[in-house]
1. Where residues in the range 69-98 are of a type in the set (S, T, N, Q) and buried (at least 20 other Cβ atoms within 10 Å of the Cβ), which of them is nearest to the chain's Cα centre (by Cα)?
2. Inside the range 70-93, can you point out the residues that are of a type outside the set (D, E, K, R) and within 16 Å of Ala41 (Cα to Cα)?
3. So if I check each of Thr64, Thr87, Thr121, which one is modelled with pLDDT under 95, polar (S, T, N, Q) and in a strand (DSSP E or B)?
4. Looking at Ser127, Ser164, which is the one that is at pLDDT 95 or above and hydroxyl-bearing (Ser, Thr, Tyr)?
5. So in the range 300-334, with the set limited to residues that are over 21 Å from Leu177 (Cβ atoms) and among the aliphatic types (A, V, I, L, M), which one is nearest to the chain's Cα centre (by Cα)?
6. Quick one: is Leu117 assigned by TED's automatic domain parsing to the domain that holds Ser79, farther than 19 Å from His60 by Cβ and touching a helix residue (DSSP H, G or I) at 6+ places or on another chain (Cβ under 6 Å)?
7. Whether any residue in the range 286-299 is of a type in the set (Gly, Ala, Ser) and surrounded by 13 or more Cβ atoms within 10 Å (Cβ to Cβ) is what I want to check.
8. Restricting attention to the range 276-334, and to residues there that are touching a residue at least 60 places away in the same chain (Cβ under 8 Å) and not in a helix (DSSP H, G or I), which single residue is farthest from Asp235 (Cα to Cα)?
Amino acid sequence: MSDVHFRTITTPAEYPASASLNSADLDDTRILLNRFYYPIAVGVPEGADDFKFRADVIQHGTLTVGQLGFGAATTLAASDLDAYHLTIPVTGKVHTQHAGVRAVADPGRAVIFGPELPVYTLHDPNSTELDVKIDRAALEGELSTLLGHRVTGPLELPSLVDLSTGPMRSWSRLVRLLRGEITHPSSMMGLPIIAGQLRHAVISGLLLSVPHRYSNELSAPAPAGPPRAIQRVVDAIHDEPERPFTVADLAGIAGVSVRSLQEGFRRYVGSAPMAYLQQVRLTRAHETLRREDPARTTVASVAHRWGFAHLGRFASSYRGRYGVSPSETLRDNR
């Protein structure tokens, strides 16, 4: 017996989808893994009688995040990945073999697989893990945008990374945040302005958190974008602050690398580009709250309209700038 549910959210540009599965059937498991990840062979070394599989997965464009659970010892084998993949155990261990390297991941360590080579994994019984798939073109393209020139891959990411300290600890928390949104029908992942920001944060955050062939270049100082290029970005932000801009989008408007954009904003504007965008959105949210009818509008709807994903942080930033809460501003319209 199995219980499976697929949900599709339609946006103007993409078709994000999520699925939940609770099954004791190997074929159901293969179908879900093939749909959201890769063609995968599923095996049960001690027999299929005790096999159980649970999954909650969300796919948004080039990024897939899922929580998988195995009731019995289970093997997965893929002959050739077309993406970069991270497995983050929540409970239990995962024994892996990839690119001639054997590794064991546990709740404090994640394993990373690169493209073009086969992968074999053995998952402990009663184990749970987060599995993150980033399309190869997306990760390498994001690095090209950060550096301002084309890169060639694979990027040679480390096989095993520590999640207990450093930037990877923060990165894994972001992935857990995304996982928490999977099963909510009203998830903000269905809003393009929010989903795009989160997807970008996961992809760029990984590049900035783990060593790779371009790490030294990525950490080196970058020249500032010229004032005219920075002004184009400032104008674009004021014209359409509601657009789901990423820092890569803004760099494209300027015609410079992300790092040059950031240095140009620091020098000529006095803040980071995304911080400047947030301040403009905060201004627009304030203006909206002052004119809307509190009987027909909520603070949450205004915050989401202007791209604030976290209501608590929105309220805190709002109070810090205006000295009152967003709800107080809205109530004053009565």
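The values are calculated or read from the model by the stated rules, or taken from the named source; none is laboratory data. Only a predicted model underlies this, so the values are computations on that prediction, with no experimental measurement involved. Every residue, glycine as well, gets a Cβ built from its backbone with ideal geometry; the counts of neighbours run over all protein chains shown.
1. Of everything passing the filter in the range 69-98, Thr87 is nearest to the chain's Cα centre (by Cα).
2. Across the range 70-93, the qualifying residues are Phe70, Ala72, Ala73, Thr74, Thr75, Leu76, Ala77, Ala78, Ser79, Leu81.
3. None of the others qualify; the one that does is Thr64.
4. Checking each option against the conditions leaves just Ser127.
5. So, considering only residues that are over 21 Å from Leu177 (Cβ atoms) and among the aliphatic types (A, V, I, L, M), the one nearest to the chain's Cα centre (by Cα) is Val302.
6. The answer is no for Leu117.
7. no
8. Ala309
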